[in-house]
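The next block holds one structure in the form of structure tokens; read it before the comments.
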Amino acid sequence: MTQSLTGTVALVTGASSGIGEASALALAEEGAAVALVARRRDRLEALAERIGSAGGRPLVIEADVTDPEQATGAVETTVAELGRLDTLVNNAGVMLLGPIVGAPIEEWQRMVHLNLLGLLYCTHAALPHLLSSAEGGPREVADVVNVSSVAGRVKRVGNGVYSATKFGVGAFSESLRQEVATRHVRVTIIEPGATATELAFQNRPEILEDMAKNFAGIALMTAGDIANSIRYAVTQPRHVAVNEILIRPTEQER
């Protein structure tokens, strides 16, 4: 199989598990050197070993992207160590569901800090490098991929603040797309539905019980399914921009 990203560099946040891990593997399979960014160094090192043993070029960066200095540092370390930056995958996120009335404020803060601010910090730091790569890189195009959610389209009781963060990701992404489109930086939103990852398990027990009932009998997607959509978007030819992918289990109604 032709490695369409050979000579390019990708940075994936939240790469220690789930969609981030699967996406890093997919991009490495396409020939990209991949910076693996997350807080759990042991997980990153294990992933780096897998990528390296398959002939890839990984870089482990332990960082908390909710800290603007660490987010910027992750981008700058990537460019210093791997030489450039062509693809940014903003995947790090948290989903804490439940009623708005009486909700723990700490949960709202965690979602806003990671789902929105972390994404903004990484994108802000990455854009100068992405614009430069689009001007003179091997593919003459660069990509920002923002992993949102079906909750960025559909509002439900119980996901109010999570939806607020993901609607925010959508608004930011579209504004950025319009700003940099003529400079050949593509912006893609990935909106997964129910996916079997660790994301859900940070919720309170009563919320997990409700989620299990809501999705009982539905064959959930895997992290690899979402990674394949990211792979599809970033391997398109220079003149094709995939702006949005909404991907759900076949049996998920909304």
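The values are calculated or read from the model by the stated rules, or taken from the named source; none is laboratory data. None of these values were measured; they are calculated from a predicted model. Backbone-built Cβ (ideal geometry, glycine too); neighbour counts: all protein chains shown.
Quick look at the numbers
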read-out	value
Residue list for region 26-35, filter: touching a residue at least 40 places away in the same chain (Cβ under 8 Å), surrounded by 24 or more Cβ atoms within 10 Å (Cβ to Cβ) and outside any strand (DSSP E or B)	ALA26, LEU27, ALA32
Single unsatisfied condition, ALA194 versus (1) under 24 Å from GLN109 (Cβ atoms); (2) at pLDDT below 95; (3) surrounded by 17 or more Cβ atoms within 10 Å (Cβ to Cβ)	(1)
Selection status of GLY136, buried (at least 18 other Cβ atoms within 10 Å of the Cβ) and either on the phi < 0 side of the Ramachandran plot or of a type in the set (Val, Ile, Thr) (or both)	no
In region 60-109, the residues that are closer than 28 Å to ASP210 by Cα, touching a helix residue (DSSP H, G or I) at 6+ places or on another chain (Cβ under 9 Å) and in a helix (DSSP H, G or I)	GLU107, TRP108
Every residue from region 96-111 that is touching a residue at least 24 places away in the same chain (Cβ under 8 Å) and surrounded by fewer than 17 Cβ atoms within 10 Å (Cβ to Cβ)	PRO99, ILE100, ALA103
Those residues of region 153-177 which are of a type in the set (A, V, I, L, M, F, W, C) and either outside any loop (DSSP other than H, G, I, E, B) or within 17 Å of GLY193 (Cβ to Cβ) (or both), in sequence order	VAL154, VAL161, ALA164, PHE167, VAL169, ALA171, PHE172, LEU176
Residues that are surrounded by fewer than 16 Cβ atoms within 10 Å (Cβ to Cβ), of a type in the set (Ser, Thr, Tyr) and part of a loop (DSSP other than H, G, I, E, B), drawn from region 225-254	THR250
Count of region 142-161 residues which are out of contact with any Phe, Trp or Tyr (no Cβ under 6 Å at 6 or more places or on another chain), surrounded by fewer than 24 Cβ atoms within 10 Å (Cβ to Cβ) and not basic (Lys, Arg)	6
